[in-house]
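Please treat every number below as a calculation from the coordinates, not as lab data. Everything numeric in this text was worked out from a predicted model, so none of it was measured. With ideal geometry, Cβ positions are generated from the backbone for all residues, glycine too; neighbour counts draw on all protein chains shown.
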Amino acid sequence: MTVARMVLFSMVGGLAASVGGVAARAGRQPVDWTSLSLDAIGGGKLPTAGYRGKVVLLVNTASRCGFTGQYRGLEASWRRHRDRGLILLGVPSNDFGGQEPDGDDAIARFCETRFDITFPLAGKQVVSGPNAHPLYRWAAGQTGPSGAPNWNFHKLLIGRDGRLVDWFSAMTKPGAASLETAIGRALDEPASS
């Protein structure tokens, strides 16, 4: 896939985010973290039941993408907000441009050695289309096609109540004012009982 096509997909996603953000913020149905199963990159299952009452920034990632450098900013955001209740969840995927072809062990090594990643990483998943992981099918049902990932490093912000707050295309870098403001507002919301 050419760089121009990658940028075009991301720009279209960014434009759709500014137009379609209202639908994303509506977040009609909360995710049920207690019934969600998601493999951890190092084996076993992620403790998704513990995500209930937390703010989750869900990001589909790839190690061989032009946006891979965003790992650095994602880690900084995780370290800045985790004590306030943010879970930053990276989900490696080979869906876009075949840019995550390696297995989980190689992906984990890459993330740890190149970017010192400490936030939770899921095992490699399908994040788009009818075969997407149930978490991503749920998110697509909340946003419609405009908010579903169309490239690597698409960001979905899920509030403490389990409802989708907003989404951000790959063009929105970690640390961007729009993303930081949305995270801050979501963290300021009280946890539901």
Rank these for me by crowding, Phe168, Phe153, going from fewest to most other beta carbons within 10 Å. Phe168, Phe153
Taking the simple approach of a point 7 Å from Cα along Cα-to-Cβ for both Arg80 and Lys45, what is their distance in nm? 3.4 nm
Can you say what percent of the DSSP beta bridges in region 50-193, counting only those with both residues inside, are antiparallel? Round to 5. 50 percent
